[in-house]
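The values are calculated or read from the model by the stated rules, or taken from the named source; none is laboratory data. Just so it is clear, the model here is predicted, and its values are computed rather than measured. Please note: Cβ atoms are built from the backbone with ideal geometry, for glycine as well, and neighbour counts cover all protein chains shown.
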Amino acid sequence: MPPSIPEQANRQFIKATKGQSKGIPEWNTNVKVHVQFNGVNFQPVGERACQLKSQLGQIVRNGHRVPLNIIDWKKVGDDVKEGIWEEVKKNLVEVPEGYKAVCLENCNLLWKEHKSETKAFHYMPHKDDPEISSRNPPHIVADQWYELVAYLNSEDVKVQAQRNSINRENRGPCHKTG
């Protein structure tokens, strides 16, 4: 028997999410993991490539390691970036030195994505709520959330966001032909 109309209506609002990233189970267990890298541009390849990127995502989403209230990846301290690189070298069997730039670039992209998703899912739906500073998401360090909300509520940032929104609309469709 097919589902009733109300059941069908409720189904369209259920959002499928990708869930928690798994990372590398052996990470930080004193067991070195073998990841293959291509020789040209030091990209991870093979079975463990996706797990490595997922592991990097777990590292940069840790607010105690990489604070969320820093405005730009360039302002993240060199000691933090070196700490991430040392952790990667400590957990992998052979890491080419050329992978360092690729690794930190991936960390940059993953951290920016984390900031963007935090803003989209936790700030924007409640931006008009006067108590938004107290709506700290469970995975965000409380002090960092408070500073991030204060930054996003500043007039300069609101003007910049409005300008960026208008510029984005004016770009037109993406070029997808050969």
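With the requirement that a residue be acidic (Asp, Glu) and either within 14 Å of Gly23 (Cβ to Cβ) or not in a helix (DSSP H, G or I) (or both), what does the range 79-94 give you?
Once the filter is applied, which keeps residues that are acidic (Asp, Glu) and either within 14 Å of Gly23 (Cβ to Cβ) or not in a helix (DSSP H, G or I) (or both), the range 79-94 yields Glu87, Glu94.
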Exercise for the section: Return yes or no: is Lys100 modelled with pLDDT of 95 or more and out of contact with any helix residue (DSSP H, G or I) (no Cβ under 9 Å at 6 or more places or on another chain)? Expected result: no
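Mind listing just one residue for me: the one in the range 22-75 that is in a strand (DSSP E or B) and under 22 Å from the mean Cα position of the chain (by Cα) and, of those, surrounded by the fewest Cβ atoms within 10 Å (Cβ to Cβ)?
Among them, the one singled out is Val45.
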Completion exercise
Listed by first then second residue, the pairs whose first member lies in the range 60-83 and is closer than 22 Å to Ala150 by Cβ and touching a residue at least 40 places away in the same chain (Cβ under 8 Å), whose partner is assigned to a loop (DSSP other than H, G, I, E, B) and among the small types (Gly, Ala, Ser), with beta carbons under 9 Å and at least 6 positions apart or on separate chains, are Arg61/Ser21; Asn69/Gly63
Fill in the blank from the handout: Per the filter on the range 79-95, residues loosely packed, with under 12 Cβ neighbours inside 10 Å and over 15 Å from His64 (Cα atoms) are Glu86, Val93, Glu94
Exercise for the section: Test Leu152 against the stated conditions and say whether it is part of a helix (DSSP H, G or I), modelled with pLDDT under 95 and surrounded by 12 or more Cβ atoms within 10 Å (Cβ to Cβ). Expected result: yes
Practice task
Give just the number: which of (1) surrounded by fewer than 16 Cβ atoms within 10 Å (Cβ to Cβ); (2) farther than 23 Å from Trp27 by Cα does Gln144 not satisfy?
Solution key: (1)
Practice task
Being over 16 Å from the mean Cα position of the chain (by Cα) and farther than 23 Å from Gln51 by Cα is the filter here, so list the residues in the range 76-102 that pass it.
Solution key: Gly77, Asp78, Asp79
Handout entry: Filter pass, Ala101 being within 19 Å of Asn69 (Cβ to Cβ) and either hydroxyl-bearing (Ser, Thr, Tyr) or surrounded by fewer than 17 Cβ atoms within 10 Å (Cβ to Cβ) (or both)
Key = no
Practice task
Could you check, for the range 104-120, whether at least one of its residues is assigned to a loop (DSSP other than H, G, I, E, B), without any contact (Cβ under 8 Å) to a residue 24 or more places away in the chain and within 25 Å of Ile140 (Cβ to Cβ)?
Solution key: no
Problem - Output for the range 121-149, where each listed residue is within 28 Å of Val80 (Cα to Cα) and outside any helix (DSSP H, G or I) - result: Arg135, Asn136, Pro137, Pro138, His139, Ile140, Val141
